[in-house]
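Here's the structure we're looking at; comments come further down.
The values are calculated or read from the model by the stated rules, or taken from the named source; none is laboratory data. Source: prediction; values computed, not measured. For neighbour counting, all protein chains shown are included, and Cβ atoms are generated from backbone atoms with ideal geometry for every residue, glycine included.
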Amino acid sequence: MQVISVNVGSRETVRTGAREAETGIRKHPVPSAHIGTGGVAGDTIVNETHHGGPDQAVYLYATQDYDWWANELGRDDLHPGLFGENLTVDLGGVGPLRVGDRLTVGEVVLEVTAPRIPCAKFQAVVGEPDWSRTFNAARRHGAYARVLVEGVVEPGTAVELEPGDSSYPDVEELADLHLDHRADPARLDAAMAAPVAARTREELERRLARRS
């Protein structure tokens with residue numbers, strides 16, 4: 001397993017329906033970048049309410065999933081960074097990643113925290129109709145991670161996986177839980193035992209409070 005591309009984004013304006021919105025979702029490859037607890041140096045986070053932060057400092061997406069999408073959509077223009085990921089990684093036969101999995105990427109250590117949930121800006125960048133529904137249905141969300149050890153990463157850096165607790169949900173199970181508004185409270189409670197991202201934990205707590 002290895003890093004294929006390191007990607008950062010710049011502020012741009014995209015159209016979402018009748019509205020225009022600023023975003024840094026579209027990213028482009030760079031030769032290397034320092035990855036710290038606050039994110040990837042040089043990357044732009046426009047909406048800090050929903051993106052970025054210590055628990056979603058890095059977004060990873062697999063080349064295997066890009067290949068699947070290229071075939072599914074019949075497109076040859078999908079490229080690293082288009083889906084908004086900071087690290088495009090070759091995960092070999094591994095996947096989906098599990099919350100709590102740790103990835104050693106050269107000198108950097110990451111811990112998986114949450115799936116990426118699509119938004120209107122993502123659809124605007126990819127240019128596919130009904131993209132949020134399509135992306136969710138495919139269950140190829142990619143993974144957010146927090147940074148446990150900082151350092152510099154570049155393409156070709158080896159990636160080593162230390163699996164987390166097998167009782168924790170993988171990112172696709174967590175995405176399913178997010179999308180299932182009638183999910184069993186026991187499943188919500190069980191997910192909170194995992195080291196999920198703070199935003200995910202807040203959502204789970206709100207949903208459990210409404211059921212009490």
When the stretch 90-137 is examined, which residues are found to be surrounded by fewer than 20 Cβ atoms within 10 Å (Cβ to Cβ) and among the polar types (S, T, N, Q)?
-> T104, S132, T134, N136
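Suppose we filter the stretch 65-84 for residues that are on the phi > 0 side of the Ramachandran plot and surrounded by fewer than 16 Cβ atoms within 10 Å (Cβ to Cβ); how many remain?
Quick first cut of the stretch 65-84, residues on the phi > 0 side of the Ramachandran plot only: 74, 81, 84.
When the remaining residues are screened for being surrounded by fewer than 16 Cβ atoms within 10 Å (Cβ to Cβ), the result is 74.
Qualifying residue count, the stretch 65-84: 1.
With the requirement that a residue be part of a loop (DSSP other than H, G, I, E, B) and over 16 Å from the mean Cα position of the chain (by Cα), what does the stretch 1-38 give you? Talk me through it step by step, then tell me what you get.
Let us first name the residues in the stretch 1-38 that are part of a loop (DSSP other than H, G, I, E, B), namely 1, 10-11, 17-18, 24-26, 31-32, 37-38.
Correct list: M1, S10, R11, G17, A18, P31, S32.
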May I ask you to verify whether P115 is touching an Asp or Glu at 6+ places or on another chain (Cβ under 9 Å), touching a residue at least 40 places away in the same chain (Cβ under 8 Å) and either at positive phi or not acidic (D, E) (or both)?
-> yes
Failed condition for P155, given (1) over 29 Å from R11 (Cβ atoms); (2) at pLDDT 95 or above; (3) surrounded by fewer than 19 Cβ atoms within 10 Å (Cβ to Cβ) = (1)
Take the stretch 90-107 and flag every residue that is within 17 Å of the chain's Cα centre (by Cα) and assigned to a loop (DSSP other than H, G, I, E, B).
-> L91, V94, G95, P96, L97, V99, G100, D101
Per the filter on the stretch 74-112, residues without any contact (Cβ under 8 Å) to a residue 12 or more places away in the chain and among the small types (G, A, S) are G74, G93
The condition from (1) at pLDDT 90 or above; (2) farther than 16 Å from G84 by Cβ; (3) in contact with a helix residue (DSSP H, G or I) (Cβ under 9 Å, 6 or more places away or on another chain) that A138 misses is numbered (2)
Only one of (1) of a type outside the set (D, E, K, R); (2) at pLDDT below 95; (3) in contact with a Gly (Cβ under 6 Å, 6 or more places away or on another chain) does not apply to V108, and that is (2)
Go through the residues of the stretch 65-86 one by one and say whether even a single one is under 16 Å from R26 (Cα atoms), modelled with pLDDT under 95, assigned to a helix (DSSP H, G or I) and not aliphatic (A, V, I, L, M).
-> no
Number of positions in the stretch 43-64 that are among the charged types (D, E, K, R) and either buried (at least 21 other Cβ atoms within 10 Å of the Cβ) or in contact with a helix residue (DSSP H, G or I) (Cβ under 7 Å, 6 or more places away or on another chain) (or both) = 2
So which residues in the stretch 197-210 are over 16 Å from the mean Cα position of the chain (by Cα), surrounded by 13 or more Cβ atoms within 10 Å (Cβ to Cβ) and among the hydrophobic types (A, V, I, L, M, F, W, C), if there are any at all?
-> L204, L208
Among (1) outside any loop (DSSP other than H, G, I, E, B); (2) touching a Gly at 6+ places or on another chain (Cβ under 9 Å); (3) more than 18 Å from P155 (Cα to Cα); (4) aliphatic (A, V, I, L, M), where does V46 come up short?
-> (1)
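Going by what's in this entry, would A194 be described as surrounded by fewer than 16 Cβ atoms within 10 Å (Cβ to Cβ) and not in a strand (DSSP E or B)? Give the derivation first.
On the way: surrounded by fewer than 16 Cβ atoms within 10 Å (Cβ to Cβ): no; not in a strand (DSSP E or B): yes.
For A194, the condition - surrounded by fewer than 16 Cβ atoms within 10 Å (Cβ to Cβ) and not in a strand (DSSP E or B) - is not met.
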Residue set V159, V171, V153, V149; condition touching a Phe, Trp or Tyr at 6+ places or on another chain (Cβ under 9 Å), among the aliphatic types (A, V, I, L, M) and under 25 Å from N7 (Cβ atoms); output residue V171
